[in-house]
Amino acid sequence: MIRNLFAILLILTLLACGGGGPPGASITLTGRVLNVDTGAPFSTSATVQSSVATGTTAVVDGSFTVSAAKSSTGLTVLAPASLGYPIFDFVFPAQTQAISDVGDLWVGPQKVTLKGVIRNASNSAGIAGAKIAFAGQNGTSASDGTFSIPNVAYSNANTGSFLGLVGQVSATNFFSNEFTPNGNTAVSGVVDVGEVLMTPLDSDNPPGLPYNIWGIISPSASANGTIVTLKDSGGTVVRRFTVGSDARYQFWVDAASYRIEFQNGSLSAPVQNVTLSSSSDVIRADATLN
Amino acid sequence: MKAMRPLVAALVALIGATSAFSQSSLIKLDLGSTTREPLLSQADAAFTKYVKKYAELTSLNRATRAKANPKNTQPYIVPAVLRFTQNGKPLPTGGRGRGGGLTLVFDPTFNAVDTGRTAFMQKVYDDAVATMDSMFGAPAISGTVNVVNYDATIGDRQAIVGGYYLPNNGSGGREIRLPLNTSRDVAAVALIHCLLLAYLPDPAYGYDAYLEGLVRATTMRVCRIPAAVPTLDQVVVANILANGYDVGADYDWLNQKSLGGPSFIAPNLLSAPITSGNLGGPYLIRFRMAGSAWAKVLVEYPTFAKDLNAAILANPAAATNAAQLENLAISTLNSISPGGTIEGLPFASWIKEQGILQTKLTQGTKLHTTIFPFVDGLSGTDFGVFGVEITWFETAANGNETLLSGTSYPVFWDKDYNRILASAQSERIDIASSYGSVAPNFADENAGKAYRVAIDVPVQDRISRHYVPAGAIATPSTATSDFYGTIVGVNQPAGTNLFVNISYGSESVNDIPVSRFAFGTRIATSSYLAARQVTIQVVRKDLGGNPTSILTRKVNKSIGSLGVTLGAAPTGTIGFPNGLPGGLTMVGLSGDPLMSDLSDALGISSSAFLAAKYNPSKAKYDLFPVTGLVSGGQGYFVRTGSLFNPNIAARVETGTSIGVALRPGWNLISNPLGTQCAFSDVQVVRATDFPRTYLAASGNDTSDTTAPILGKTAFQFVPGASDGVTGLPEGGSFAASTVFAPGIGYFVRCLAPEGAVMLFGSQPSGGRGKNAPLAAIQQSTFRASLFGKGEQSSVFFGMASGATTGFDAKWDSNLPPAIGGMQISAISPLNDKRYLEYRPYSADATYRMNLDGLVKGRTYTFVIDQIQGRWVTAIAKNVATGQTYSTGATRLTIAFVATGTSANFDVTVRGVR
């Protein structure tokens, strides 16, 4: 209530000031307001408030236009009063275009916190700084990839629309991706969407060749030219690899037990014994020359 | 009875390793040892979970299917076998042994809600038993079977899932446990199904594809004979069977390899809740397809199930091995009809074409698409309304299935492969918990005449293709057709018309007109509407009416309507241009193999080769067997120990266009057609955009300024020199491709986050664009080549207007370092190793060529030649020695002896302007 009071006072103050901001610095924000309880616009207009003006939504499609200060970063939406919905504040990146579309802003009878974790699909590492957008709300992932977006519209009575919402996630050096609640509903006011995987923007180079035994030779200064010999359990040489400047070796061989030997002139590394229980296993066996 | 230990926690699972019903029994309850009451309690709990799933499923699925047929509101029946095991071993089936029938003892509580229900069920059995015996054989084990009312436990009344059968209820008795269905018709079908389960020998079939398929097919036949079920309403029975037993007219559309596997319900899904709004995975369509597949056999050989049961009884060891089962089925068929065929095919060939009957577990992502026409409630501009349902899931090594989410952008094509935009709601399918659907309406575009629509449904790197006849099945103003379909891969020269003939028994309907490769008609005779074999012929007539037979196909249809896709993907064989030559190679599938497993498709023991498929989502290779379901358009790295020429049974497309789905990143793909495709024969589609040519989509068309969808270059693999140890190439390098040839694998990079679809055209070899120019060649282009002992490597460099000294996506292309092979690369000013390196057109330039993977002391030849533009001066300098070499008339050739594993040459070109 106190928060709402502050919001109202802020609006009244801004209106009394004639809209605030320097002349000519206003923009128009457009978008739609939709009801997560029904998946449709409100049958009576909702109210959309910027820092400088108030607008209403069209009954036919929920669309709105409202003046706002340039570089605005938020809107407040009030559902028709008869519904008794909470007030929804939406925060978004600074809008600078003369007409800026802020997309679909979803409101509903309840609010939940949307949580999950953004991961690199190639190694499952959390992705920091990923931008997440869902139901008009926005968030950023933490250093471990987790994110938590509060004030997401929800309906305890009708989850169908919520479950059909599609969120977007973007991160530097990754292909953008989409996600859904994936059938997860609220538990104690929290909807956990689980892992959202992102595919790394790979290089312009096609991938290298497949392998299931590999390793790095160190020290790197001595690695170039190292002969890595793969022998089977009977001591027969199966493969031999000459290490290049990248200090890396690799083999793609059948499932079996192997012995790996490393030699570069007078330098050598301890023999490594590895067992591939399946040809789809991948084993890493690094070596240090001395 | 021995002293009882405490009850061990119950395990409800689908698959066991030893039970007679091990692969196929739906529910297995494993007990250490137990007393009677806790055992019954656990059985109840196990089955309660099971039926609750079906309760939700059936309700939802009915709602979905009712869109296609509002009358189709009968519940589903999915009876099951519950097998008790003790200490891992199945309890023996109760009963007396062979000979004699079943004595049913009904729980009198059935009558509490429905007076006379037990008498009704006894009469159902009495009426049907002779037909059941004639179709399925007498019960393998005779004796008493208790039919028990479990309605209070099972619960969900609306679902009415039927019940389940226990070969041993823990006390040596056999039981069928049923809910109290409100519909007596439903109860009767469920009882007959459970009784047939009780008829089976023990051990029975080891796979759901056989067990459930044969029982369902037989249940259908029994229940569709009015004399066998005189108390039932055949209209209601038809709907019950359509919901849970039979896919009817839609078999061609639904016959997909992704359904295959040893069991129909994944172990992990048995007790997992079904999310509201979806079907909970692929299992219901599996049940229906299995019933329909075997029903095709019974159409031709009505005693087949009985004879196969007898064969199993005589040879129980054949129950758990797929190959043995197949051989047993073949010998059974031969005993009925020597040399007998199914739908005109030898059994061994026929069964490979039925995706549902492939029992091998394949890992990885799978896509199934269900297509069905809307025939009721049409109005206004409805012309060709079809339901498109996606099931998207992933199978693990242990058979568990993960219900995946994602997005698909379906692509609809007309007969000339122009994209059809249906409606905004139909252009995107959001998939949640494996399920997504749309219902496109294909508008009247042909003055009321039908036309063929090809529907591509891509999800990640999987794609399904279906052909539907828009306007040929039902419109608001036309009677619903009962024979309809499409024709694919058939040439129709100007001045000719296509017709379809169908014959069945002594009757036939001829000259059914084909419009834009689609047709539909209403036959409606009782003879046609019966389940029977029909022969379909496609005929082309010239203006004089002279007919030419194009193709003929036999179909064993179900009762009612029939939809067919004629000519699509005829079965043939595919291979690779050089076979599998031994060592490392990169191959592609220019057809869709019938077998779902890569080693099975190649005909190689899974332990005799290595295969890998690149997974851009994981930025690493999936190694066989994780490579997943094999399908056309996929590429693989394969390593074999010696030359092998596989002869892969596959559906081979030659007269149409086929799509290949791409994920963001590098995709290892192939041309899915049996003929070569020039770049100009390939279209690329991203999401809801209009298609672009491959050259434009890959940034190789300078007139197209739109951002590229694909990387500039499609790479193919060039095996390196033979390895000193194995005598086979174990490495190699990548080279740009100028064409998409059959059997070759290609790396193509997709730049679109949504993925894309490459549509490979049907232009035969020698057609337009066969010798399309090298995509990257623009302005003045030079080639630098390095020749060694049995090895060759080339890069291209030059000058082009618009190019810079940085990385230009339109001009430049990086190259990875060779792995185990000799490789030449152009070093860019950014120090990248490039395959294509272009500089501004207006300047002279020096390019450093790096030669790597050399063998010290070996002689190499380094060649510069100009392949586009006026020949200009070129000077090459060996960076190590400082020696320079001058230009020849049209090329510069340098022979040198390697002094190390790498060398550098600086090549300066002058006078381009």
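Relative contact order, percent, of the range B:478-540 when contacts are C-alpha pairs under 8 Å separated by at least 6 residues?
Answer for the range B:478-540 is 44 percent.
Which FRET efficiency value, to the nearest 0.05, is calculated for B:LYS449 and B:LEU345 with the Förster distance at 41 angstrom and r the Cβ-Cβ distance?
Here the calculated transfer efficiency is 0.80.
In nm, give the distance between the simple-model label positions of B:ASP704 and A:SER268, each being 7 Å from the Cα along the Cα-to-Cβ direction.
In this crude label model, B:ASP704 to A:SER268 measures out at 5.8 nm.
Length gain on complete extension for the stretch B:VAL879 to B:ALA424, per 0.36 nm per residue less the alpha carbon to alpha carbon distance?
That pair, B:VAL879 and B:ALA424, stretches by 157.7 nm at full extension.
Can you tell me the length gained on complete extension of the stretch B:ILE827 to B:LYS856, counting 0.36 nm per residue apart and subtracting the Cα distance?
8.3 nm
So, R0 is 45 Å and r is the distance between the beta-carbons of B:THR478 and A:ALA94; what FRET efficiency does that work out to, to 0.05?
Efficiency, rounded to the nearest 0.05: 0.20.
Order B:651-664, B:373-386 from most to least packed using the mean count of other Cβ atoms within 10 Å.
Ranked from most to least packed, the peptides come out as B:651-664, B:373-386.
Semi-axes of the equivalent ellipsoid for the range B:332-485, please: Cα gyration tensor eigenvalues, times 5, square-rooted, ordered largest first, whole Å.
Ellipsoid half-lengths, sorted descending, are 31, 25, 13 Å.
Mind giving me the nanometre distance, one decimal, between the label points for B:THR846 and B:ASN491, set 7 Å out from Cα along Cα→Cβ?
In this crude label model, B:THR846 to B:ASN491 measures out at 5.8 nm.
List the pairs from B:LYS856/B:LYS877; B:LYS613/B:LYS856; B:LYS257/B:LYS554 whose alpha-carbon separation is above 23 Å, in the order I gave them.
In this structure, B:LYS613/B:LYS856 lie more than 23 Å apart at Cα.
List A:SER245, B:SER828 from most exposed to least, where exposure is judged by having the fewest other Cβ atoms within 10 Å.
A:SER245, B:SER828
Please report the relative contact order for the range A:33-113, taking Cα pairs under 8 Å with a sequence separation of at least 6, and give it as a percent rounded to a whole number.
The value is 29 percent.
At 7 Å along Cα-to-Cβ for each site, give me the label-to-label distance between B:SER902 and A:SER277 in nm.
Reported label-point gap for B:SER902 and A:SER277 is 3.9 nm.
Report relative contact order for the range A:94-250 in percent, whole number only (criteria: Cα-Cα under 8 Å, sequence separation at least 6).
Computed over the range A:94-250, the figure is 19 percent.
Take the Cβ-Cβ distance between A:THR185 and B:ASN398 as r, set R0 to 30 Å, and report the resulting FRET efficiency rounded to the nearest 0.05.
After rounding to 0.05, the efficiency reads 0.60.
Any idea which of A:ALA157, A:THR199, A:ASN138 is furthest toward the positive side of the dipole for chain A, if Lys and Arg beta-carbons carry +1 and Asp and Glu beta-carbons -1?
A:ASN138
Coordinate-derived values only; no laboratory data. Predicted model, so just to flag it, every value in this text is computed and none were measured. Heads up, the Cβs are rebuilt from the backbone with ideal geometry, glycines too, and the neighbour counts pull from every protein chain shown.
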